[in-house]
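Only one structure is covered here, and it is reproduced in the block below.
The values are calculated or read from the model by the stated rules, or taken from the named source; none is laboratory data. Computed from a prediction, not measured in an experiment: that's the story for all the values here. All Cβ positions, even for glycine, are placed from backbone atoms using ideal geometry, and neighbour counts span all protein chains on display. Quick note on the areas: whole protein, heavy atoms, side chains included, nothing else; ligands and nucleic acids left out. Shrake-Rupley method; radii C 1.70, N 1.55, O 1.52, S 1.80 Å.
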Amino acid sequence: MKIAFFDAKSYDQPAFRKYGEDHGIVFKFFETKLNEDTVDLARGYDGVCVFVNDTVNAAVIDELYRLGIRVIALRCAGFNNVDVRHAFGKIHVVRVPAYSPYAVAEHAMAMLLTSIRRIHKAYIRTKDFNFSLNGLTGFDLHGKTVGVVGTGKIGRVFIDICRGFGMRVLAYDKYPATGTDIAYVTPEQLFAESDIISLHCPLTEETHHMIREETIAQMKKGVVILNTSRGALIDAEALLAGIKSRKIGAACLDVYEEESDIFFEDYSGHIVEDDTLARLISMPNVIVTSHQAFLTEEALSNIAETTVKNLVSFAQNGTCENELCYHCGKTDDCKQHRLAKCF
């Protein structure tokens, strides 16, 4: 198979080259993102490999289909950037459901510790030989209540980490994990009782702007909010207002709603035109990282290996256990249960 690989970065390529060569798949790496203007680059290929900020809307899907593309391989777990419903009957969509839940959960905890113990500020000070402790007072995690929204693999690993710190854990998930001792509560109770709220849920119509003016009003004064999932879970303007009013004590963001044209690129010599992001970064109690929670050697290797296996399975067997379908979970008549393609 020949695969057009969009939004390629230097850290992506080694693992994909290795696993591709091992399984007879040739990747052509394009630095540009996939969108309506760049879709023609996929001409002559069997499939495309895309990431979180590639645009795979109805228009792109129609053009890929016209070009003869048979499969869209997401090298990530989330698929909110793909119109899966429109792809049905045209192009098969596969994903990497799990690559390293430890990478993301550990990054969330790293951001939390950095924020509440002012490690980033101390690092900058000591570089200037300033060893004053003024303004660096933090607080213990032990005994605090953390609210975890989403208890998939990443959320459960984060819960285990929090328990290791002696924290009380509350959780909300539309589909609670079975066979666990996780204390599930309503979103309202989670918001009201949590000192720290960490988001680990997918972006859907239901979870879009889960953190907004109304829900922030339900939270404790001084709450710390973590987001390593999808940017649009949070209304950024409402978050800013909550920070300015001192309702929100700190925010740690690895994702941002309008990140697609900014994250993964170097704008250090430019003026960033996104005023909301600029204001967030300027806040002393906000830490922003550029969607790097997944970025470990183990995760990159797992992403490449699973993506290649998905493509091989699709090409050789006509099936892939990681195929996405918009009606999966909503009907008993699922072809995947019969080990067949979705269409």
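Against the criterion of being at pLDDT below 95, of a type in the set (Ser, Thr, Tyr) and within 18 Å of residue 323 (Cα to Cα), residue 99 qualifies.
Inspection of region 252-265 identifies at least one residue that is farther than 24 Å from residue 109 by Cα and open to solvent by 50 Å² or more (accessible area, probe 1.4 Å). Scanning region 269-284 for residues that are within 22 Å of the chain's Cα centre (by Cα), open to solvent by 30 Å² or more (accessible area, probe 1.4 Å) and closer than 21 Å to residue 107 by Cα yields one hit, 281. Is region 56-70 home to any residue that is of a type in the set (Gly, Ala, Ser), surrounded by 21 or more Cβ atoms within 10 Å (Cβ to Cβ) and outside any loop (DSSP other than H, G, I, E, B)? Among the residues of region 56-70, not one is of a type in the set (Gly, Ala, Ser), surrounded by 21 or more Cβ atoms within 10 Å (Cβ to Cβ) and outside any loop (DSSP other than H, G, I, E, B), which makes the answer no. Taking region 27-50 as the range and being crowded, with 21+ Cβ neighbours inside 10 Å, in a loop (DSSP other than H, G, I, E, B) and touching a Lys or Arg at 6+ places or on another chain (Cβ under 8 Å) as the test, only 45 passes.
Looking only at residues in region 170-219 that are small (Gly, Ala, Ser) and either without any contact (Cβ under 8 Å) to a residue 60 or more places away in the chain or exposed (fewer than 15 other Cβ atoms within 10 Å of the Cβ) (or both), the one that is farthest from residue 235 (Cα to Cα) is 179. Across region 12-58, the number of residues qualifying as over 27 Å from residue 88 (Cβ atoms), of a type in the set (A, V, I, L, M, F, W, C) and more than 25 Å from the chain's Cα centre (by Cα) comes to 1. Each residue in region 71-116 was checked for being among the charged types (D, E, K, R), surrounded by fewer than 19 Cβ atoms within 10 Å (Cβ to Cβ) and touching a residue at least 60 places away in the same chain (Cβ under 8 Å), and 1 of them qualify. The single condition from (1) buried (at least 20 other Cβ atoms within 10 Å of the Cβ); (2) outside any helix (DSSP H, G or I); (3) hydrophobic (A, V, I, L, M, F, W, C) that residue 8 fails is (1). Taken over region 155-167, the criterion of being assigned to a helix (DSSP H, G or I) and open to solvent by 50 Å² or more (accessible area, probe 1.4 Å) is satisfied by 156, 160, 163, 164. If you check 48, 60 for being β-branched (Val, Ile, Thr) and over 22 Å from residue 320 (Cα atoms), only one passes: 60.
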